[in-house]
Amino acid sequence: MTSLLHGIATVYALLATVPFLAFALFWGLGYLIFRDKKRSTRLAMDVTTLLLVGAVASMWNRLFQSNFGFWLIVLAILIAVGLLGGYQNREKGAIDMRKIVRIVWRIGFVCLSALYVVFLVLNIGAYLIKFA
């Protein structure tokens, strides 16, 4: 059982290291299965968001010497779900949790992608300064 978990963790780590290549891989697989570009893009975004959570949290922890990166992302997601839920409740009088989660997850993809690029540049800069 532990070797299976170790294998899954290794595959996750490899895919999370280069999430944009993972996006292309999952988009291609989705297109082969569904033959629909829109559905393939959504699938690739959803899977890549999961990979970006780990990658951005890891880069945050390395850059700021903390262990709070993952929990900060979880906190931001929970706050976004709460804000959207409150807005939806005020506007429509009911909450569609599936729609809220989908919106937050897709916005998370955009935000985490931007943070990935920023943190990648900052980590490379910190590495070069450290060994210069």
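In segment 1-10, of all residues being among the aliphatic types (A, V, I, L, M) and exposed (fewer than 10 other Cβ atoms within 10 Å of the Cβ), the one that is modelled with the lowest pLDDT corresponds to Met1. The single condition among (1) surrounded by 15 or more Cβ atoms within 10 Å (Cβ to Cβ); (2) among the aromatic types (Phe, Trp, Tyr); (3) farther than 16 Å from Leu115 by Cβ that Trp60 does not satisfy is (3). Scanning segment 64-113 for residues that are among the basic types (Lys, Arg) and touching a residue at least 12 places away in the same chain (Cβ under 8 Å) turns up just one, Arg106. Considering the conditions (1) part of a helix (DSSP H, G or I); (2) exposed (fewer than 12 other Cβ atoms within 10 Å of the Cβ), Asn67 is excluded by exactly one of them, (1). When only residues in segment 82-126 that are aromatic (Phe, Trp, Tyr) and under 24 Å from Pro19 (Cβ atoms) count, which is farthest from the chain's Cα centre (by Cα)? My answer is Phe119.
Among the residues of segment 39-81, those that are among the hydroxyl-bearing types (Ser, Thr, Tyr) and over 16 Å from Thr17 (Cβ atoms) comprise Ser40, Thr41, Ser66. Candidates are the residues of segment 19-47 that are surrounded by fewer than 16 Cβ atoms within 10 Å (Cβ to Cβ) and among the charged types (D, E, K, R); the one that is farthest from the chain's Cα centre (by Cα) is Arg35.
Asn67 meets all of the listed conditions (1) farther than 24 Å from Leu122 by Cβ; (2) at pLDDT below 95 but one, namely (1).
Summed over segment 21-63, the residues that are closer than 22 Å to Ile107 by Cα, aliphatic (A, V, I, L, M) and in contact (Cβ under 8 Å) with a residue 40 or more places away in the chain give a count of 6.
The values are calculated or read from the model by the stated rules, or taken from the named source; none is laboratory data. What you see is a predicted model; the values in this text were computed from it and never measured. In this analysis, Cβ positions are derived from the backbone assuming ideal geometry, glycine residues included, and neighbour counts consider all displayed protein chains.
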